[in-house]
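The values are calculated or read from the model by the stated rules, or taken from the named source; none is laboratory data. In this text the structure is predicted, and so the values were computed from the model without any measurement. Virtual Cβ from ideal backbone geometry, glycine too; neighbours counted across all protein chains shown. The protein model used for the area step is the full one, side chains on, heavy atoms only, and it has no ligands, DNA or RNA in it. Shrake-Rupley method; radii C 1.70, N 1.55, O 1.52, S 1.80 Å.
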Amino acid sequence: MAINKCEIKYAASIPLSAFLHSPLALSKLIQLHDYRPFSIQGCAALHAGRVPVGLMSSVVAPEKPTSNTMGPKEVELVLVKEQNGVQITSSTIVAPTPNQTISSGEERETWGKKIDFLLSVIGFAVDLANVWRFPYLCYKNGGGAFLVPYLFFMLIAGMPLFYMELALGQYNREGAAGVWKICPIFKGVGFTVILISLYVGFYYNVIISWALFYLFSSFTSELPWVHCNNSWNSPNCSDWADNSSVGDIYKATPAQEYFERGVLHIQDSSGINDLGRPRWQLTSCLAVVMVLLYFSLWKGVKTSGKVVWITATMPYVVLTVLLIRGVTLPGAMDGIKAYLSVDFLVLCDAKVWIEAATQICFSLGVGFGVLIAFSSYNKFSNNCYRDAIITSSINSLTSFFSGFVVFSFLGYMSHKHNVALDKVARDGAGLVFVIYPEAIATLPGSSVWAVIFFIMLLTLGIDSAMGGMESVITGLLDEFKCLHKHRELFTLFIVVSTFLISLFCVTNGGMYVFTLLDHFAAGTSILFGVLIEAIGISWFYGVDRFSDDIEEMIGHRPGLYWRLCWKFVSPCFLLFMVVVSFATFNPPNFGSYTFPPWANMVGWCLAISSMSMVPLYAIYKLCILPGKFCDRLAYAITPEKEHHLIENGEVRRFSLHHWLVI
């Protein structure tokens with residue numbers, strides 16, 4: 001067997017015996033100065049240009065051509081130690097064992113195809129909010145004028161943060177918690193975003209179960225939300241509640257009563273303190289959703305990457321079909337004109353800018369750990385910059401495109417019932433589970449259109465739910481390596497746990513639990529998490545170092561624009577959003593129902609439980625590190641692969657240059 005020869009010249013402060021008989025220790029030594037994992041399989045694995053002064057590695061070409069046989073190879077290690085001008089040379093021949101190599105069975109899996117990754121990111125980012133939130137915000141805040149603040153915040157915060165998370169996950173190849181080996185004291189923010197994704201799953205999957213329930217209910221000759229002669233209807237039900245003459249409190253449409261009384265059965269609950277038992281119909285739908293999620297995720301990205309070929313593309317097909325049908329309806333053009341009408345005077349209202357900023361924060365899916373998890377399965381040299389531009393742009397264009405679909409039908413409803421558009425325009429669940437079903441029910445072949453629409457909602461929700469759950473699974477698997485061999489069982493544990501807690505949301509009073517979770521689980525806490533993430537990367541790890549990482553992956557450094565956004569603009573934007581979130585906080589409510597004080601306290605405890613991971617882990621990290629406080633702080637804010645430099649007094653984070661460089 002041919003033997004490669006590696007010559008390592010290193011500082012005098014490092015004991016020669018530490019590496020002479022320990023290939024694994026030498027492997028770890030080189031890894032400290034390399035951007036990719038290293039194991040001794042030949043001199044070609046060394047990256048001489050990445051070793052700092054005081055520790056040089058020089059590569060001697062193999063004496064003989066090496067065999068192409070895969071697996072561990074013997075390497076002659078020539079260790080040259082310089083001390084007081086004298087060189088002490090020792091050499092040994094080592095044959096690393098299988099558990100010392102990258103190819104030991106723990107090599108990270110990658111996406112089967114590049115398109116699998118792109119569809120997964122698009123599928124996660126494009127969710128129900130693109131259909132039920134953005135179009136209404138656009139209509140309410142000056143129509144086309146709303147695009148000005150929306151695009152402004154997209155460019156200075158949305159895209160930079162999106163790009164940052166994709167690059168962070170791809171370079172470090174770990175989940176939301178594991179990536180913080182770049183700055184260990186901030187690892188708590190990884191657990192923050194994992195918890196947030198877990199909390200969101202408790203109620204987000206319930207929305208998908210509603211869509212599934214509606215889908216099953218649509219396989220009838222007459223849709224059940226057309227008339228008021230059903231067992232769940234109240235005396236206040238009327239074919240159309242004309243708000244100009246009769247208040248909402250007295251009249252309700254069949255579609256509204258079907259959702260609230262036929263599906264949710266909220267009339268059987270007096271409030272959050274009277275939940276009742278889970279309803280078997282919704283529980284069954286929720287169980288089906290969980291089974292779909294499990295078999296989409298149990299084998300990792302190899303299976304989920306194939307599922308998104310359907311779930312990420314189907315909504316675009318259905319939206320196009322619905323748009324073609326919608327524009328042919330009477331009154332559709334009036335609705336679209338109202339959607340696009342431009343009123344630049346509203347831009348003088350600060351609330352419009354705040355709503356645009358809020359929409360950017362939540363529409364791209366930054367801060368859930370999903371982008372980090374997905375990109376961690378990319379190949380190291382994947383062009384994450386191009387991916388960030390493509391996927392974030394598609395997300396925004398989808399929001400804008402869906403507005404034409406929504407308002408063509410809203411214009412039709414306004415025309416049909418001869419009421420003002422603002423009487424039918426709404427956002428949230430009321431749009432997709434009340435207004436849209438009611439509009440579909442008036443069309444010829446309404447059952448077919450209902451099936452098509454709710455299949456779209458199902459696919460919109462399922463891939464977003466897959467992303468959130470993958471964030472939790474990947475983040476915890478990468479943190480607790482012992483779980484890697486049991487991914488199927490661990491995925492089952494997460495799915496079953498989520499299902500059991502979600503049962504609270506399918507009781508008679510489940511809508512109150514749903515509203516509470518929706519209000520507190522991912523509001524201020526997600527903004528706080530992204531703020532800490534941006535500060536940790538841009539200031540403590542360093543924009544310059546982060547740019548070096550990106551250059552190593554894609555071949556060129558990010559431009560000055562991106563670096564300025566990461567260092568100054570995005571953190572300031574996020575800090576502003578956190579302050580606004582606290583300043584404008586309003587307690588949750590559902591219709592006329594006001595939550596009791598104890599429910600609000602539970603909600604705040606939920607929000608604080610995720611945010612508290614940041615300070616709690618920082619305190620824990622400082623306590624377990626050895627030495628004086630300054631030494632512990634130095635280790636806590638320095639990347640793990642640079643910890644050996646601290647022993648020589650080289651702490652970049654204690655220099656002014658580190659904080660000023662861009």
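Express the accessible area of the stretch 110-258 per residue in Å², computed with a 1.4 Å probe while the remaining protein chains stay in the model.
Per-residue accessible area for the stretch 110-258 comes out at 31 Å².
Run the accessible area of the stretch 541-649 with a 1.4 Å probe and give the carbon-and-sulfur part as a rounded percent.
Heavy-atom surface of the stretch 541-649 belonging to carbon and sulfur, 1.4 Å probe: 70 percent.
Would you kindly derive the ³J(HN,Hα) couplings of the stretch 637-646 from the backbone phi angles with the Karplus curve 6.51 cos²θ - 1.76 cosθ + 1.60 (θ = phi - 60°), listing them in order in whole Hz, with x for Gly and Pro?
Those phi angles translate into 9, 9, x, 4, 6, 10, 4, 5, 5, 5 Hz.
Please list, ordered by chain and number, the residues whose modelled amide H lies under 5 Å from the amide H of residue 507; skip anything fewer than 5 residues away on the same chain.
279
If you count, for each residue, the other Cβ atoms within 10 Å and average over each peptide, how do 615-623, 654-662, 123-131, 603-611 line up from highest to lowest?
On the way: 615-623: 14.6, 654-662: 11.9, 123-131: 24.7, 603-611: 18.0.
Output ranking for 615-623, 654-662, 123-131, 603-611: 123-131, 603-611, 615-623, 654-662.
Kirkwood Rh over Cα pairs of the stretch 107-239 into Stokes-Einstein at 4 °C, 1.567 mPa s: D in µm²/s? Working shown, then result.
Numbers: Rh = 19.6 Å.
Rounded to a whole number, D works out at 66 µm²/s.
Could you tell me the center-to-center distance, by alpha carbons, between the stretch 312-360 and the stretch 381-411 in angstrom?
12 Å
State the volume of the convex hull built on the alpha-carbon positions of the stretch 507-559, expressed per residue in Å³ and rounded to an integer.
114 Å³
With the alpha-carbon atoms as the only input, what is the per residue convex hull volume for the stretch 147-222 in Å³?
Per-residue hull volume (Cα only) is 161 Å³.
Let me check against my output: what whole-number percent is the relative contact order of the stretch 438-576, with C-alpha pairs under 8 Å and at least 6 apart?
14 percent
What's the ranking of 269-276, 581-588 by average number of surrounding C-beta atoms within 10 Å, highest first? Walk me through the numbers before you get to the answer.
Numbers: 269-276: 15.4, 581-588: 11.6.
Per-residue Cβ counts within 10 Å, averaged per peptide and sorted highest first, yield 269-276, 581-588.
Express the C-alpha Rg of the stretch 351-484 as a ratio against the empirical globular expectation 2.2 N^0.38 Å, rounded to two decimals.
Against the empirical 2.2 N^0.38 Å value, I get 1.38 for the stretch 351-484.
Could you order peptides 214-223, 400-409 by the average number of other Cβ atoms within 10 Å of their residues, highest first?
400-409, 214-223
Please turn the phi angles of the stretch 566-573 into ³J(HN,Hα) values with the Karplus equation 6.51 cos²θ - 1.76 cosθ + 1.60 (θ = phi - 60°), one per residue in order, whole Hz, x for glycine and proline.
Taking θ as phi minus 60°, the curve returns 5, 7, 10, 5, 4, x, 5, 4 Hz for the stretch 566-573.
If I take the Cα coordinates of the stretch 316-389 and project them onto the principal axes, what are the three extents in Å, biggest first?
Sorted largest first, the three principal extents are 52, 37, 20 Å.
Going by Cα centres, the stretch 153-216 and the stretch 577-645 are how many Å apart?
Each part's Cα centre sits 16 Å from the other's.
Whose amide H sits under 5 Å from the amide H of residue 342, counting only residues 5 or more places off or on another chain, with H placed in the peptide plane?
Correct list: 144.
Give a residue-ordered list of calculated ³J(HN,Hα) values for the stretch 183-198 (Karplus: 6.51 cos²θ - 1.76 cosθ + 1.60, θ = phi - 60°; whole Hz; x for Gly, Pro).
With coefficients 6.51, -1.76 and 1.60, one gets 7, x, 5, 9, 4, x, 5, x, 5, 4, 6, 5, 4, 4, 4, 5 Hz.
In the stretch 101-207, with Lys and Arg counted as +1 and Asp and Glu as -1 at Cβ, which of these residues, 139, 126, 191, has the Cα nearest the positive end of the dipole, that is, farthest along it?
With unit charges placed on the Cβ atoms, the residue in question is 139.
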